[in-house]
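Data first, discussion second: the structure below is written as structure tokens.
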Amino acid sequence: MVAKLADNSNSQFSFEIKKKVGGALGRAGVIHTPHGDILTPAFMVVGTKAEVKFMTPEDLRSVNAQAMLSNGYHLRKKSAEIAEAGGLASYSGWNGPTLTDSGGFQVMSLGSGLGKVVSMERKKAVTNTAHKERLAKVSDKGVDFIDPFDGELDFIGPEESMEIQCKIGADIHMAFDELTSLADDYDYNVAALKRTEEWAARSLSSHLMHRDELGYRQSLYGVLQGGRWEDLRRSTARVLGKMTVGGTAFDGFGLGGAFLKEDLGEILRWCDEELPEEKPKHLLGLSRPDDIFVGTEMGADTFDCVAPTREARHGKIYTAHGDINLRKFMDSPEALDAYCDCPTCKAGYTRGQLRALWKSGDVQLKQKYYNLASMHNVRFIVRLTEQIRQSIMDGKFYQFRDTFLKNYYG
Ligand SMILES: [Zn+2]
């Protein structure tokens, strides 16, 4: 253990900034990981249980996905099996860069009832909280919770989360943090943030003991909370930005929280102005195009969200001129999106054909729809991040943003 702690270098993981957005915090870069490079800004496809729903690893490569995010909470009971298979990349068959979140969000949302969404309505968030039966209890030690699947009592704290994540063996891990909800007040956020910072130190310490166990160096991001308060956001960014254990700092940072849409840019700016510029940052759980533009401008390098695949399964198809619902396109000969280069569009599927598959009573045809629609939506967001990257490299980020958003939102 001492030898590992003395080895502070992380030669298998690094971040290079290739070009900055003039006058802003945004940048295009490359994250080097033990399982390959991620050109940033990048969207990480969510495969909660080590598998993206209705997409094979081959499908992911065909839409140019660069990285997959899986979930420490959902995979916790499989972690030994995944370690045995050599880690998440080989276990999943994806064989590319991967990230896991700590599981904190899932266990805590059992208690708060809040999804990590940009909620437009504060009042709605408050109401939701009140109506959700509480299945999780947060203490300084960690989170006691009732597993909603088997009804058994369970516990996850920073040490448990690191042990689980280091067995799963993604290239990038997230420190265990306490997510607060939009309904929590300032005083609660102060207390929660103190816990998150203590948990960050314990996460880093535990991570250092386990990070090499699968034969490659796994990396850890510290996660920033602090609600919508500037003093909290800035102070925690300074604390986590400088935090070291045995001379080792975080490899990057996760930007967390339940955000009101209108606050997002401001909050990210507060965080990123204080964090070390040379470290990569991941914005947790958001993928709406306007959020990706704001996130990129404010220095976020990677993004993830279940929305592109989940919304595809519900008939929502992304297009350059805004999202459409296939329900309205019976027999339509129109292309899904005239500008799309995904395998579904290249094969010539029309809106009407996809709608017919979706509404089919035949399970196999329905599953085919899920696959075709998921590939399209994931490609849409992946391509958006590729185009944003190119616009930064060309010094045309703002022009591209304005044109894209005007077409998309009308
Ligand atoms: Zn397409």
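The values are calculated or read from the model by the stated rules, or taken from the named source; none is laboratory data. Being a predicted model, the structure only gives us computed values, none of them experimental. Glycine also receives a Cβ, built like all others from the backbone with ideal geometry; neighbour counts cover every protein chain displayed.
Worth pointing out:
- Test: residue in the stretch 67-85 that is at pLDDT 95 or above, closer than 27 Å to R379 by Cα and among the hydroxyl-bearing types (S, T, Y): yes
- For the stretch 280-380, the helices (runs of 4 or more DSSP H) that sit wholly inside it and include 3 or more residues that are within 21 Å of the chain's Cα centre (by Cα) and either within 16 Å of the ligand (Cβ to nearest atom) or modelled with pLDDT under 95 (or both) are 307-313.
- Condition check for L384: assigned to a helix (DSSP H, G or I) and near the ligand (Cβ under 10 Å from one of its atoms): no
- Residue tally, condition surrounded by fewer than 16 Cβ atoms within 10 Å (Cβ to Cβ) and basic (K, R), over the stretch 50-64: 1
- Boolean, G395 is part of a loop (DSSP other than H, G, I, E, B) and either in contact with a Gly (Cβ under 9 Å, 6 or more places away or on another chain) or in the same structural domain as A300 (by TED's automatic domain parsing) (or both): yes
- A338 meets the conditions (1) farther than 24 Å from D59 by Cβ; (2) aliphatic (A, V, I, L, M); (3) loosely packed, with under 13 Cβ neighbours inside 10 Å in every case but one. The failed one is (1).
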